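Only one structure is covered here, and it is reproduced in the block below.
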Amino acid sequence: MGLMLAGLIALAVADVATSQSQADVAKLLRVEWEAVTEACCPPRLVGQIYNASTYRIGSIRLRVETLDGSNQVVRETLAWIYVTVPAKSRAHFSLRRPPGGEAFRLAVESFVLIAREGADEASQRPMSALCRLPPPVTVAC
């Protein structure tokens, strides 16, 4: 019984440590974007996801808020961005612009930690935890 309890405590501590590193990574993500209209394509929101952390991330979900003239949210959608963003790097994205609205606000809603990257390859460890972020700071156009 004592051995099983010690195992459960060890798992709980490991889970807390993983959650803390996810929160740290979340603070180091940033989205920059612009609305683009081209004759060849439907209107799009294109930009970069910046990752200043030491973790490679992927399966990023963006929250896209459509705003009216007084900056009030009139519509909210989620868009999956299937890119891998290496540690200390960035990745490009492009998604169809939601109809209506005078402005938009984009923010990272969730992501998957893939692996820690760094100079010491032996310290890399794969991770498969999905991280849901608290309400982020956003940028409006």
Notebook entry, point to check: What translational diffusion coefficient, in µm²/s and rounded to a whole number, does the Stokes-Einstein relation yield for region 66-122 at 37 °C and a viscosity of 0.692 mPa s, taking the hydrodynamic radius as the Kirkwood radius over Cα pairs?
Noted result: 230
Next item on the list: Alpha carbons only, please: Rg and Dmax for region 29-124, in angstrom.
Entry: 15.4, 52
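Quick note: the coordinates plus some simple rules give every number you see, no bench work behind them. These numbers come from a predicted model, not from an experiment.
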